[in-house]
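The block underneath contains the structure these notes are about, expressed in structure tokens.
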């Protein structure tokens, strides 16, 4: 639902009448945010709608946020029933728990319509619905717990925890809890005489649509959505399908753990490379975009607020200041802590945020090291380093050395103590002795020339 909050318009005179029609036109064109495909109408429906909510692809925090919004929208519409169209291979255990709780506590009757697969966490969500309908050829079960790499978890404590949740969801809706346990714990065999199947210990149970109906895990087979609509008695009620908005689709994609790691890697590596490889350019822009997309997605998902984003920006500023201000590392440490806090606090949970940041940081070090090695002569810091030696053999001289003066005789114009002025013909030069005092009017001879330093000695033989 799109709620409009009127702010004070600083307009003058009749200008407001130009703005209001534009706002009304925009409202008419855009309609409600959230992707209502079939509900928008110029007048409210005469009967409570049946709301269809898709539960598809991977179960993660972005989907959880979408379902929270969709259930609230169904309440606002006064829906008479909610159809959850499920087609998923599972996903996050934590998100599945939250979604299952949302379905279980729904004040509107719910039916899960399995279209394709309700595997693992998808089965748990379906079991929390009041009724289940399945499309012919669909399946449910195989709810074993796996780790991030897809390997089955063997820890008894974890298996028992998840099996308990599955059994509780089954018991809540009057279904056999042992079947739910057999979908999770392969250590428990089970006999299913209704479908003439024996599940031996070591196997995980998966039910086809027909088998699910026979064992009481689904109430009906439904070839399409209209069949489910008729099964729940939805005739005469408008059918409303809620779809993720574009922002929610972006949020779902960005908040996936592997995507978050990639975005953080791009952000860290991009900014770091920009510091060591030529001035502000492509690397810096890509790095900023990586961080921006990370926070944008988590902000849309409701995980990151203004505070986390401000904390992250403060960290960037402190690190930049540390480069130009001597703070004995204090600003650098504070900046790093702010960056770390901003990323971790904006994640779905702190443990996941720390893991994502740690992986991205290690990978970024490797990427930056490779770039610095390849482009080490082109870095911005090289502008502050004089790498060439300014030697005389390369033609660099700071002053003209007048070796032709050696041996010339002149007259000390001023006392030399040991420096002073002497004339040589028509030229007056600043000269210096080896340390001895030479009175004014004494004849001197240029003994050596060292750069701009002209060394003289008193003449031993008087001039003729």
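The values are calculated or read from the model by the stated rules, or taken from the named source; none is laboratory data. What you are looking at is a predicted structure, and each value in this text was computed from that prediction instead of being measured. Don't worry about glycine lacking a Cβ; one is built from the backbone with ideal geometry, like all the others, and counts go over all protein chains shown.
Listed values, structure above:
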read-out: Test for residue 252: is it out of contact with any helix residue (DSSP H, G or I) (no Cβ under 9 Å at 6 or more places or on another chain) and over 27 Å from residue 154 (Cβ atoms); value: no
read-out: Condition met for residue 306 (farther than 22 Å from residue 259 by Cβ and either at pLDDT below 75 or in contact with a strand residue (DSSP E or B) (Cβ under 8 Å, 6 or more places away or on another chain) (or both)); value: no
read-out: Those residues of segment 264-273 which are at pLDDT 85 or above and farther than 13 Å from residue 355 by Cα, in sequence order; value: 266
read-out: Any hit, segment 221-228, residues being in contact with a strand residue (DSSP E or B) (Cβ under 8 Å, 6 or more places away or on another chain) and surrounded by fewer than 17 Cβ atoms within 10 Å (Cβ to Cβ); value: yes
read-out: Unique match (being at pLDDT 80 or above and assigned to a helix (DSSP H, G or I)) among 411, 331, 339, 363; value: 363
read-out: Residue 266 without any contact (Cβ under 8 Å) to a residue 40 or more places away in the chain, surrounded by 22 or more Cβ atoms within 10 Å (Cβ to Cβ) and in the same structural domain as residue 310 (by TED's automatic domain parsing); value: yes
read-out: Residue ranges of helices (runs of 4 or more DSSP H) in segment 101-189 with at least 2 members in the same structural domain as residue 74 (by TED's automatic domain parsing); value: 121-128
